[in-house]
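Below is one structure, written out as structure tokens, with a few remarks after it.
Quick note: the coordinates plus some simple rules give every number you see, no bench work behind them. Computed from a predicted structure; not experimentally measured. Note that we place each Cβ from the backbone using ideal geometry, even for glycine, and neighbour counts take in every protein chain shown.
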Amino acid sequence: MEFFHNPNIDFLGKKWYFLAFSLVFSVAGIISMLFWHGIPLGIDFKGGTLVQVKFTHTPNDAAIRAALDHAGLHHATIQTFGPASNNEELIDLSIEETSEQALDKGRALVVQVLEKNPPAGKVDLNNSSLGTVSNYLLVKDPLHLGTDARQRYGQIAQDIINSRDREHSGVLSSMDQLKGVVDPAALASLQDGFYLSDFAVRNVDIVGPQVGSQLRSQARLAVLYSLLGMLIYLAFRFEWIYGVAAVITVFHDTIITVGVFSLLNKDISLTVIAAILTLIGYSNNDTIVVFDRIRENLKLMRRESLSEIVNRSINQTLSRTILTAGLTFLTVLSLYLFGGEVLRGFSLALVIGILIGTYSSIAVAAPILVAYQDWRSSRGKTPAMMRGGKSAPRQDKAKAKV
């Protein structure tokens, strides 16, 4: 199947437009990484305590930050989690402990900071555990159950927690939402001992500083080894200049992808690194397809200039590139739109990378080969662009050595 029939697009003639496009996005990303947002490392890499909070209303980031500062948490960061309509926030605290107590400490600090004039003698139901609710009902015994009270109240408490977490996204806005879930007598007793705050702590994650440092080191090594392996493979499979061109292309793709995350101030987590490594392989595969066609055409079109051969090769593989990249892009776009917040960073990296990787295979990798041969020709040398010492095609303005 062909998406284009015999296309004849002068890609190399537009190389300066491609260069300008790449420079704009690369420089913008680098400036953001150096002077603006930096490289926004997630909790996986920098360590700390990350608390996910759900609100019954649109949260006020400035008010939350002011409350955290007042409580002595001066370096906490706050960002929206998921769509704005979900009213969820991620609060990154400067707590770098790794014990189980640190989980409770982070939760307790956030609850303490966000609570606004809680009623005396009452417990917040939105931030209460199953055990807290069950024990309260067991002590009050509103249903006068007697011997089987523990089991029955345990089930009632479980129903309450399930209703809160599953049906109301973790936060109740009114006790009336529990009508039909629990017995009226039990609900009346709950209203005597509990109140509802306007928020609930949904989750707490902790990564220690040593673990974060180790993960950063491993992520850098993973990217470095993948680039080195690619260079060695292409140098063996084609010529070393092909490997250099592919590595430069992948480096270009990575810089732009990380730069977009910096510009958007999106956290780079382990899943994002996994996506970047996936993109290195994907972009490299697309580049090799073009390189392989260039090598085949070098044997068939000896009297043509390298620029003409490269243009012809790109055009010949264009249908395959568009079809493959297009289907992959639709898949990762669906993952980004419907995959949920947990996969948001991973899928965003893939969406950006598929677009940039496809573009760079055409607009970056192939022109590097031509630029290299033009540079060699200007010095009176002709590179062997094919393995086995076979002669390269002639140049437009220089005689080829045969």
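What trypsin sites (Lys or Arg not before Pro) does the range 282-349 have in DSSP loop regions with at most 13 other beta carbons within 10 Å? Let's see the in-between values first.
Values: sites: ARG293, ARG295, LYS299, ARG302, ARG303, ARG312, ARG320, ARG344; in loops: ARG302, ARG303.
Sparse-neighbourhood loop trypsin sites (Lys or Arg not before Pro): ARG303.
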Along the principal axes of its C-alpha atoms, what lengths does the range 48-206 span, in descending order and rounded to whole Å? 51, 34, 28
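Tell me what the chain gives for mean residue ellipticity at 222 nm when only DSSP H runs of n ≥ 4 count, each as -39,500 (n - 2.57), the sum divided by the residue total, rounded to 500 deg cm²/dmol. Don't jump to the answer; show the numbers that get you there.
Details: 14 runs with 232 residues, N = 402.
Taken over the chain, the calculation gives -19500 deg cm²/dmol.
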Filtering the chain for DSSP H helices with an axial alpha carbon extent of at least 18 Å and a Kyte-Doolittle mean of at least -0.5 returns 15-35, 100-114, 209-237, 240-264, 270-300, 318-338, 344-360, 366-378
A chain fully extended from ASP159 to LEU145 at 0.36 nm per residue, minus the present Cα-Cα distance, gains in nm 3.3 nm
Pseudo-spin-label distance ASN117 to ALA371, built 7 Å along Cα→Cβ, given in nm, is 6.5
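Within the set of other residues whose C-beta is less than 15 Å from the C-beta of ALA63, count the net charge using Lys and Arg as +1 and Asp and Glu as -1. Before the final figure, lay out each step's value.
On the way: positive: ARG65, LYS116; negative: ASP61, ASP69, GLU89, GLU115, ASP198.
Neighbourhood net charge equals -3.
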Local charge sum around PHE346 (other residues, Cβ-Cβ under 14 Å, Lys/Arg +1, Asp/Glu -1)? -1
Tell me, in nm to one decimal, what length is gained between ARG303 and TRP36 on full extension, where the rule is 0.36 nm per residue of separation less the Cα-Cα distance? 91.0 nm
Under the rule that an exposed site lies in a DSSP loop and has at most 15 other Cβ atoms within 10 Å, name the longest stretch of the chain with no chymotrypsin sites (Phe, Trp or Tyr not before Pro) of that kind, not counting the sites themselves. 37-402
Among ALA222, ALA246, ALA363, whose mean-square fluctuation peaks in a Gaussian network model of the chain (Cα, cutoff 10 Å)? ALA222
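Assuming 0.36 nm per residue, please report the length gained on full extension of the stretch TRP16 to ASP198 beyond their Cα-Cα distance. Write down the numbers at each step before the final one.
Numbers: separation 182, 0.36 × 182 = 65.52 nm, distance 5.57 nm.
Extra length available between TRP16 and ASP198 comes to 60.0 nm.
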Between the modelled labels at ALA63 and LEU330 (7 Å from Cα along Cα→Cβ) the distance in nm is 4.6
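Between VAL342 and GLN191, what FRET efficiency comes out of the Förster formula 1/(1 + (r/R0)^6) with R0 = 35 Å and r the beta carbon distance, rounded to 0.05? Intermediate values should be presented prior to the final figure.
On the way: r = 35 Å, r/R0 = 1.01.
Working from the Cβ atoms, E equals 0.50.
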Please state the relative contact order of the range 176-303 as a whole percent: Cα pairs under 8 Å, 6+ residues apart? 19
Of all the C-alpha pairs in the chain, what % are more than 32 Å from each other? 52
Of the candidates SER360, SER32, SER283, which one comes out as most mobile in a Gaussian network treatment of the chain with C-alpha springs shorter than 10 Å? SER32
